[in-house]
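First the structure, in the form of structure tokens, and then the observations on it.
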Amino acid sequence: MQWPKPRGYDPNAMLYPDRRMLKWQGMLLSDHTETILADQAAKSLRREAAVFDEQELARWDEILQASIANELPIRLTIDQPGKPLSSIIGIALKVDENGVCLMTERGKEVYPFDCIIKLECLF
């Protein structure tokens, strides 16, 4: 199978390396490396799937119940697709099949369970 050449020159026909071409290859390589390192750093902050044991889920339940009953603040660490990790502080209003409904500075917001990485009590 013949692949189309990306540029209109034959590298074998060149007598010496083109300095301008070497310059651009170096720039493209550094940009590519920088992009790969940024992607790896973003992936290292994320978990593929949150897996919690029963003790952790029981602790979450206690924290959420205390926040709802006594209007105490909690902090959620959220991992939403396409966005960086974020921490949200608020008071839990209710918990249902959709997730946790939180009263924040911006108003009522619902966060699905699959986006919540960490839940902490601030009381």
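Each value in this text was obtained by applying a stated rule to the coordinates, not by laboratory testing. Keep in mind that this is a model prediction, so the values were computed, not measured. Note that each Cβ is placed from the backbone with ideal geometry, even for glycine, and that neighbours are counted across all protein chains shown.
Can you tell me which of 115-123, 34-42 comes out highest on packing, and rank the rest after it, using the mean Cβ neighbours within 10 Å? Walk me through the numbers on the way to the answer.
On the way: 115-123: 15.0, 34-42: 9.9.
Final packing ranking: 115-123, 34-42.
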- Relative exposure of Val110, Val95, Val100, judged by other C-beta atoms within 10 Å (fewest first): Val110, Val95, Val100
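Can you give the net charge of the other residues whose Cβ lies under 14 Å from the Cβ of Lys94, counting K and R as +1 and D and E as -1? Don't skip to the end; give the middle numbers.
Values: positive: Lys108; negative: Asp61, Glu71, Asp96, Glu97, Glu109.
With Lys, Arg at +1 and Asp, Glu at -1, the neighbours total -4.
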- Dividing the mean separation of Cα pairs under 8 Å (6+ apart) by the residue count of the stretch 60-123 yields a relative contact order in percent of 34 percent
